[in-house]
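For reference, the structure is listed below as structure tokens.
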Amino acid sequence: MKPLIVIPAFNEKENILELIPEILKLNNGFHILIVNDNSTDGTGEVAEELSQKFPGVYVLHRKNKRGLGRAYIDGFKWALKNDYDPVLEMDADFSHNPKYLPKFLEKINDYDLVVGSRYHQGRISVINWDIKRVFLSIAANIYAKIVTGVPVSDATSGFKCFRRKVLENINLDKVLSEGYSFQIEMNWRAHKAGFKIGEIPIIFYERRHGQSKLSTSIIREGLWILWRMRLKP
């Protein structure tokens with residue numbers, strides 16, 4: 001295995017300072033790609049310092065903030081170009097606990113795509129969410145399952161592990177989503193291509209520093225983009 005973790009980071013300076021060393025302490029051979037979207041808080045500079053300090057940590061700078069989905073697409077293309085397998089994705093804000101990363105490596109031996117689920121076997125595993133956000137997340141997952149038919153309990157999860165062959169077989173240039181619906185679309189495209197999807201249970205934590213980037217426009221995108229991809233895949 002040559003695993004790479006892709007971590008998009010827009011204004012996440014404080015978080016990546018803590019997160020990167022914590023991942024590397026696991027000693028599972030992880031390399032890390034920080035995708036910096038022209039941050040204004042010094043995230044790019046901190047990422048470069050981390051890449052100089054720790055072998056296996058790399059930075060991909062993007063000139064414009066083009067959304068979470070495009071950050072992951074660019075990160076995946078970088079991973080393929082540099083011969084990584086598997087490729088993981090996670091948030092920079094500690095909502096995804098690094099302790100689950102070794103479990104992804106175990107599970108990916110039996111699946112092509114592994115999703116970290118907050119709703120595994122009917123249980124809701126989130127920390128410090130208000131009831132409105134819980135209901136919104138549950139509703140989004142129900143909606144995604146109805147529209148896509150993908151048998152995943154947490155379709156909107158951004159904590160994932162892909163086998164290289166999945167990313168090679170999905171035409172990344174045809175992915176439509178730029179926001180959080182990207183996660184649903186990638187599940188659908190993997191399922192549609194016949195790949196085997198598994199899940200592991202995780203506990204989702206509210207971000208450690210900063211504010212959530214979820215907005216009304218991102219939610220609106222998620223409502224219509226799923227139908228667009230079904231009608232014009």
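With +1 on each Lys and Arg Cβ and -1 on each Asp and Glu Cβ, and nothing else charged, work out how big the dipole of the chain is about its Cα centre, in Debye to the nearest 20. Walk me through the numbers before you get to the answer.
Working: 34 positive and 27 negative charges, 163 e Å.
So the magnitude is around 780 debye.
Could you check what % of the DSSP bridge pairs in the chain are antiparallel, to the nearest 5? Intermediate results must be reported in sequence, preceding the final value.
Details: 7 of 28 bridges.
The answer is about 25 percent antiparallel.
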Self-check item: Nearest-0.05 FRET efficiency for residue 99 and residue 53, computed from C-beta distance (R0 22 Å)
Solution: 0.50
Exercise. Extending each Cα 7 Å along its Cβ direction at residue 196 and residue 136, get the distance between those two points in nm, one decimal.
Key: 3.7
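At 222 nm, what helix-only mean residue ellipticity would the chain give, in deg cm²/dmol to the nearest 500, using -39500 (n - 2.57) for each DSSP H run of four or more?
On the way: 8 runs with 96 residues, N = 233.
My calculation for the chain gives -13000 deg cm²/dmol from helical runs alone.
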Quiz prompt | Mean separation of Cα contacts under 8 Å, 6 or more apart, over the residue count of the chain: relative contact order % | solution = 24
Quiz item: Based on the Cβ-Cβ distance from residue 66 to residue 121, what FRET efficiency comes out when R0 is 41 Å, to the nearest 0.05?
Solution: 0.70
Practice problem: Treating the angle as unsigned and between 0 and 90°, give the value, to the nearest 10°, between the Cα long axis of helix 181-192 and the longest Cα principal axis of the chain. | Solution: 70
Quiz item: Which angle between 0 and 90 degrees, to the nearest 10, do you get for helix 131-148 versus the longest principal axis of the chain when only C-alpha atoms count?
Solution: 60
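Divide the volume of the convex hull of the Cα atoms of the range 16-97 by its number of residues and quote the answer in cubic angstrom per residue.
Numbers: hull volume 8.3 nm³, N = 82.
Convex hull volume per residue, Cα atoms: 101 Å³.
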Quiz item: Once amide H atoms are placed 1.01 Å from N in the peptide plane, what residues at a sequence separation of 5 or more from residue 85, or on another chain, have their amide H within under 5 Å of its amide H?
Solution: 2, 4
Quiz item: How would you classify the chain from its alpha-carbon gyration tensor, with a ≥ b ≥ c the square roots of the eigenvalues: rounded for a/c under 1.5, else prolate if a/b is greater than b/c, otherwise oblate?
Solution: rounded
Quiz item: What is the magnitude of the charge dipole of the range 68-159 about its Cα centre, with +1 placed on the Cβ of each Lys and Arg, -1 on the Cβ of each Asp and Glu, and no other charges, expressed in debye to the nearest 20?
Solution: 320
Self-check item: Span from the the range 1-23 Cα centroid across to the the range 120-149 one, whole angstrom
Solution: 25
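Laboratory data are not the source of any read-out in this text; all were calculated from the coordinates shown. Here the structure is a predicted model, which is why all the values come from computation and not from measurement. For neighbour counting, all protein chains shown are included, and Cβ atoms are generated from backbone atoms with ideal geometry for every residue, glycine included.
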